[in-house]
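Okay, handing you the structure first.
The values are calculated or read from the model by the stated rules, or taken from the named source; none is laboratory data. In this text, all values refer to a predicted model and were calculated from it rather than measured experimentally. Positions of Cβ are backbone-derived with ideal geometry, glycine not excepted, and every protein chain shown enters the neighbour counts. Protein only, heavy atoms only, side chains kept; ligands, DNA and RNA dropped before computing areas. Shrake-Rupley method; radii C 1.70, N 1.55, O 1.52, S 1.80 Å.
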Amino acid sequence: MSYQIIDGKAISEQIKEECRKKVVAYKEKGIEITLAVIQVGADPASSVYVRNKKRACEFCGMNSLSYELPEETTQEELLTLIRKLNADDKVNGILVQLPLPKHIDEDLVIQTIDPKKDVDGFHPQSVGALCIGQPGFVSCTPAGIIELLKRSNIEIAGKECVVIGRSNIVGKPMALLLLRENGTVTVCHSRTKDLKEVTKRADILIVAIGKPKFITGDYVKEGAVVIDVGIHRNEDNKLCGDVDFESVAQKTSAITPVPGGVGPMTIAMLMHNCVESVELI
Ligand code: NAP
């Protein structure tokens with residue numbers, strides 16, 4: 001069966017370009033957009049993400065304020081910085097790169113960010129707004145997946161949508177977004193009985209299980225759309241996803257690759273959220 005490869009790189013470039021144009025239009029009205037990025041410690045993977053976020057800001061014409069704090073930063077010092085940025089009218093968005101060192105309470109940090117500046121969409125108020133269908137910031141990775149589907153002309157309404165994973169940053173908001181788009185949604189997790197039986201019902205299968213190449217062809221219905229959220233490095237240091245692309249792709253009508261699928265969408269949607277934040281400040 002021939003299948004479409006959903007090109008997340010190209011779609012993310014389109015979204016960033018749209019953001020860049022909106023930023024230009026705001027600048028003409030004298031409005032600047034500023035994202036504050038806070039990193040605690042020097043975890044190499046986090047440093048790569050932070051660098052890419054700053055680069056995307058630069059591309060879109062937004063300002064980025066960078067706070068690279070030492071590993072031993074206390075929780076109170078971090079909360080004080082967040083409160084200062086909350087009160088700063090020039091700052092539109094505040095992003096705290098996760099994970100944080102163990103001595104810092106991540107939930108408390110997220111809850112301290114002003115929901116109007118919560119461009120990651122992790123604040124309980126943002127999650128609650130999504131749940132009851134009110135406007136607010138949406139977690140970037142699942143929001144990016146909806147854009148991938150829409151911009152690839154994949155209909156969600158009325159479809160059997162199965163999400164594997166129920167994390168707060170991917171699985172749960174993903175399920176809520178698919179529901180908002182009128183999909184019929186099932187969420188699977190580690191206690192799901194007979195995972196294969198459930199996934200084989202899916203017209204749209206979203207895989208965020210966090211296990212390399214876990215989903216093989218026998219989990220997938222002929223003609224399904226498969227979105228792979230996973231990012232892993234295999235034994236040859238190459239990137240791979242939660243889906244075994246080789247055995248799954250030929251059964252699908254459309255599939256995201258890793259790399260170049262969901263990954264680039266996360267930063268593009270962060271830029272989108274930063275632009276949206278202007279309306280909320
Ligand atoms: P996570 O917090 O580890 O969640 C994994 C989920 O999978 C959990 O809900 C878990 O169930 C479920 N699960 C584990 N084993 C299972 C099994 N055998 N059968 C069914 N469900 C099972 O992971 P996450 O943060 O959501 O991330 C998922 C993947 O996406 C990771 O590979 C991560 O690196 C990647 N990711 C990518 C991006 C991106 O920008 N592309 C962003 C975020 C995450 P329980 O709840 O029962 O434990």
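Across the stretch 258-281, which residue is modelled with the highest pLDDT among those that are away from the ligand (no atom under 16 Å from the Cβ) and open to solvent by 40 Å² or more (accessible area, probe 1.4 Å)?
Here is the first cut: in the stretch 258-281, the residues away from the ligand (no atom under 16 Å from the Cβ) are 274-281.
After this cut, where a residue has to be open to solvent by 40 Å² or more (accessible area, probe 1.4 Å) as well, the list is 276, 279-281.
Working: 276: 95, 279: 83, 280: 76, 281: 61.
Selected residue: 276.
Collect the residues in the stretch 245-257 that are surrounded by 18 or more Cβ atoms within 10 Å (Cβ to Cβ) and in contact with a Gly (Cβ under 9 Å, 6 or more places away or on another chain), keeping them in residue-number order. Let's see the steps before the verdict.
Taking the stretch 245-257 as the starting set, the residues that turn out to be surrounded by 18 or more Cβ atoms within 10 Å (Cβ to Cβ) are 245, 248-249, 251-252, 254-257.
Residues satisfying the conditions are 248, 249, 251, 252, 255, 256, 257.
Are any residues in the stretch 199-244 in a loop (DSSP other than H, G, I, E, B), buried (at least 20 other Cβ atoms within 10 Å of the Cβ), within 12 Å of the ligand (Cβ to nearest atom) and not small (Gly, Ala, Ser), and if so, which ones?
209, 229, 242 - these are the residues of the stretch 199-244 that are in a loop (DSSP other than H, G, I, E, B), buried (at least 20 other Cβ atoms within 10 Å of the Cβ), within 12 Å of the ligand (Cβ to nearest atom) and not small (Gly, Ala, Ser).
Could you say whether any residue in the stretch 149-170 is part of a helix (DSSP H, G or I), surrounded by fewer than 18 Cβ atoms within 10 Å (Cβ to Cβ) and not β-branched (Val, Ile, Thr)?
Here is the first cut: in the stretch 149-170, the ones part of a helix (DSSP H, G or I) are 149-151.
Among the residues that remain, those that are also surrounded by fewer than 18 Cβ atoms within 10 Å (Cβ to Cβ) are: 150-151.
Filter once more, so that each one left must be not β-branched (Val, Ile, Thr): 150-151.
Yes.
I'd like the full set of residues that are free of Cβ contacts under 8 Å to residues at least 60 places away in the same chain, farther than 18 Å from residue 66 by Cα and assigned to a loop (DSSP other than H, G, I, E, B), limited to the stretch 81-113.
Listed by number, the residues that qualify are 102, 103, 105.
I'd like the residue in the stretch 121-148 that is in a loop (DSSP other than H, G, I, E, B) and small (Gly, Ala, Ser) and, out of all such residues, is most open to solvent (accessible area, probe 1.4 Å).
Taking the stretch 121-148 first, the residues in a loop (DSSP other than H, G, I, E, B) are 121-123, 132-139.
Remaining after also requiring small (Gly, Ala, Ser): 121, 133, 136, 139.
Numbers: 121: 6, 133: 61, 136: 43, 139: 6 Å².
Among residues in the stretch 121-148 that are in a loop (DSSP other than H, G, I, E, B) and small (Gly, Ala, Ser), the one most open to solvent (accessible area, probe 1.4 Å) is 133.
Residue 178 is checked against (1) within 22 Å of residue 257 (Cβ to Cβ); (2) more than 12 Å from the ligand (Cβ to nearest atom); (3) touching a residue at least 40 places away in the same chain (Cβ under 8 Å) and fails just one. What number does that condition carry?
So residue 178 meets the others, but not (3).
Right, something else. Tally the residues that are touching a strand residue (DSSP E or B) at 6+ places or on another chain (Cβ under 9 Å) and either more than 10 Å from the ligand (Cβ to nearest atom) or open to solvent by less than 40 Å² (accessible area, probe 1.4 Å) (or both), restricting the search to the stretch 181-191. Reasoning before the result, please.
Here is the first cut: in the stretch 181-191, the ones touching a strand residue (DSSP E or B) at 6+ places or on another chain (Cβ under 9 Å) are 181, 183-189.
After this cut, where a residue has to be either more than 10 Å from the ligand (Cβ to nearest atom) or open to solvent by less than 40 Å² (accessible area, probe 1.4 Å) (or both) as well, the list is 181, 183-186, 188.
Going through the stretch 181-191 one residue at a time, the tally reaches 6.
Looking at the structure I just gave you, is residue 119 within 16 Å of the ligand (Cβ to nearest atom), out of contact with any strand residue (DSSP E or B) (no Cβ under 7 Å at 6 or more places or on another chain) and among the hydrophobic types (A, V, I, L, M, F, W, C)? Before you say what the answer is, go through the steps one by one.
Values: within 16 Å of the ligand (Cβ to nearest atom): yes; out of contact with any strand residue (DSSP E or B) (no Cβ under 7 Å at 6 or more places or on another chain): no; among the hydrophobic types (A, V, I, L, M, F, W, C): yes.
No, not satisfied.
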